[in-house]
1. Subtracting the Cα-Cα distance from 0.36 nm times the residue separation, let me have the gained length for D83 to T109 in nm, one decimal.
2. Per-residue counts of other Cβ atoms within 10 Å, averaged by peptide: what ranking do you get for 46-59, 80-93, highest first?
3. Using a 10 Å cut-off around each Cβ, can you sort H126, H75 from fewest to most neighbouring Cβ atoms?
4. Magnitude of the Cβ-charge dipole of the stretch 23-156, K/R +1 and D/E -1, about the Cα centre, nearest 20 debye?
5. From the cross-link list K15/K120; K15/K82; K94/K120, which pairs have alpha carbons spaced over 18 Å apart?
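Bear in mind these aren't lab numbers, they're just calculated from the coordinates by the rules spelled out. A quick note: this is a predicted structure, and the numbers were derived from the prediction, not measured. Cβ atoms come from the backbone with ideal geometry, glycine included; neighbour counts cover every protein chain shown.
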Amino acid sequence: MAEPAPASAPPAVPKPEGHSLTNKAIQDAFDLPYYQARGWESITRVSPLVRVIRKCAHEALVETQIMELRPQFDHFSDLVDKDIEATYEVFLRKIKAHPMDSQFSTLITDILLSSENLGKKGTRDHLWLFKWVIYGIEQAQQQKKRREQRKARGDDSLEPEVEKRERKGLSILDLVNTNDDQGHVER
């Protein structure tokens with residue numbers, strides 16, 4: 001029996017549940033018959049897709065200069081819908097102009113269409129993939145800024161993330177016997 005022809009329009013895909021998205025969560029979210037029929041299974045990792053989306057999203061942020069408004073808002077998702085939509089339109093132009101083979105381009109376009117959820121404006125599902133990528137860009141920029149500030153102050157202390165990882169290696173007794181907030185242990 002022949003396989004049914006795939007639907008002509010990509011299905012709406014809600015934002016995956018959970019506190020943070022990962023490439024695995026994204027791949028699982030799009031593990032649908034529509035994408036399987038279009039070769040999704042042939043792409044073993046979603047990271048190349050995310051890399052292209054992230055590059056084009058960063059270019060859209062630079063072009064729209066939306067990040068210059070940073071002091072006025074905490075996150076991109078705090079902007080009014082009109083500004084988010086305008087940045088998204090620039091992003092889509094960047095995606096279309098990005099050099100890639102036609103199957104890869106179609107797959108990225110379909111995934112973006114699925115994550116738009118246009119009928120759900122104002123909800124967490126609307127443009128969730130785009131917003132997730134932007135959030136990752138914001139986090140990377142904030143980390144870079146914090147590193148530069150520490151370097152300018154001459155602060156040679158470890159990054160908080162490194163301190164947290166190192167602290168995990170301490171026993172409960174060591175954690176109880178710390179003499180400061182930095183996790184230094186009295187021995």
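1. Taking 0.36 nm per residue and subtracting the Cα distance, the gain is 7.3 nm.
2. Result, highest mean first: 46-59, 80-93.
3. H75, H126
4. Values: 22 positive and 20 negative charges, 93 e Å.
Once rounded to the nearest 20, the dipole reads 440 debye.
5. Working: K15/K120 11 Å; K15/K82 21 Å; K94/K120 24 Å.
Long pairs (Cα-Cα over 18 Å): K15/K82; K94/K120.
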